[in-house]
Amino acid sequence: MHSPIRTPIPIETLLLAYRSGIFPMADKRSDEEVFWVEPRERAIIPLDQLHISRSLRKTLRSDRFAVTINTAFEDVIRACAAPREEQAESWISDRIVASYVQMHAAGHAHSVECWIDESATSDGRADGGERRLTLVGGLYGVSFDRVFCGESMFSVHDNASKIALCWLVALLQEAGYQLLDCQFMTDHLASMGAIEIPQARYIDCVAEARGTPSSSLADAYRSLVGEGAYAGSDSVSSPGKRIAQSLIQTS
């Protein structure tokens, strides 16, 4: 008989781990155990140094994607854990999913979601029917003090995860965060402005980022895009243009 999945990792344990510069991973999705990782080199994105290519900036301003926060957290983390062509297994086990869903419910984990309106015509206008939003990309992570630790992202549509990262950076800037941790360097992150620093320096950065953000991410979202403005092309004022402008002003 198979033993049941172990209970979620306690929230206090996870927060202590993140403040200490470590985080959990699993060898595969079915693992009941986790191991704790402390990288020698840490990837971060300086919030004032995000790199946005000309084509990505155009996509951002076009509002091709509807972008939301914290509306589909479990869908995002499960999409991040799903098998990918280049990687049959995932470090995001069922126990890790349960642990971070619990963190999200307590307000310590957040998601950014990118949606495509399947009811839109080729020129971006609605076809007259009800809006049919499909989740096509996103990211999730953990926040504490003025630190956001990005955990994973996914994309099933060109540029969706990059757009989610742009929105995240703009939201962190607006909310008064100081540090965006990306854990491990990848070519994707490097192209967006990520740099590597020694783990000891990262711990110093975490200490320097103690304190309370000036606002919540939800309030930062409302401040940048306005109530109900996530819908994109039929908004009175384009959220994507506002996000792009905020990034230009601080990069």
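The values are calculated or read from the model by the stated rules, or taken from the named source; none is laboratory data. Predicted model only: the values in this text are computed from it and were never measured. Neighbour counts run over all protein chains shown; Cβ positions are idealised from the backbone, glycine included.
Some notes on this structure:
- Only residues that are buried (at least 18 other Cβ atoms within 10 Å of the Cβ) and either more than 14 Å from I96 (Cα to Cα) or among the hydrophobic types (A, V, I, L, M, F, W, C) (or both) were counted in the range 18-46, giving 9.
- Candidates S122, S93, S111, S143, filtered to the one that is over 16 Å from the mean Cα position of the chain (by Cα) and modelled with pLDDT of 75 or more: S93
- Residue match in the range 22-45 (condition: farther than 20 Å from V142 by Cβ, assigned to a strand (DSSP E or B), over 16 Å from the mean Cα position of the chain (by Cα) and modelled with pLDDT under 95): no
- Per-region count, the range 125-135, residues assigned to a strand (DSSP E or B), at pLDDT 80 or above and of a type outside the set (S, T, Y): 2
- Tabulated pairs, the range 97-109, first more than 16 Å from A72 (Cβ to Cβ), second of a type in the set (G, A, S), C-beta under 7 angstrom, 6+ apart or interchain: H108/S143
- Within the range 20-69, the set of residues being under 22 Å from H188 (Cα atoms) and basic (K, R) comprises R40, R42, R54, R57, K58, R61, R64.
- Any hit, the range 162-185, residues being over 19 Å from C205 (Cα atoms) and at pLDDT below 95: no
- Qualifying residue in the range 76-84 (condition: at pLDDT 95 or above, more than 15 Å from M153 (Cβ to Cβ) and in a loop (DSSP other than H, G, I, E, B)): no
- I11, sole failed condition from (1) within 24 Å of V101 (Cβ to Cβ); (2) in contact with a strand residue (DSSP E or B) (Cβ under 8 Å, 6 or more places away or on another chain); (3) of a type outside the set (K, R): (2)
- Subset of the range 236-247 (residues that are in a helix (DSSP H, G or I), over 22 Å from Y140 (Cβ atoms) and either touching a helix residue (DSSP H, G or I) at 6+ places or on another chain (Cβ under 7 Å) or modelled with pLDDT under 75 (or both)): K241, R242, A244
- Wholly within the range 136-235, strands (runs of 3 or more DSSP E) carrying at least 1 residues that are within 22 Å of Y100 (Cα to Cα), charged (D, E, K, R) and in contact (Cβ under 8 Å) with a residue 12 or more places away in the chain: 147-155, 179-183
- First in the range 48-75 and farther than 14 Å from L133 by Cα, second anywhere and of a type in the set (F, W, Y) and crowded, with 16+ Cβ neighbours inside 10 Å, Cβ under 6 Å, 6 or more apart: I69/Y221
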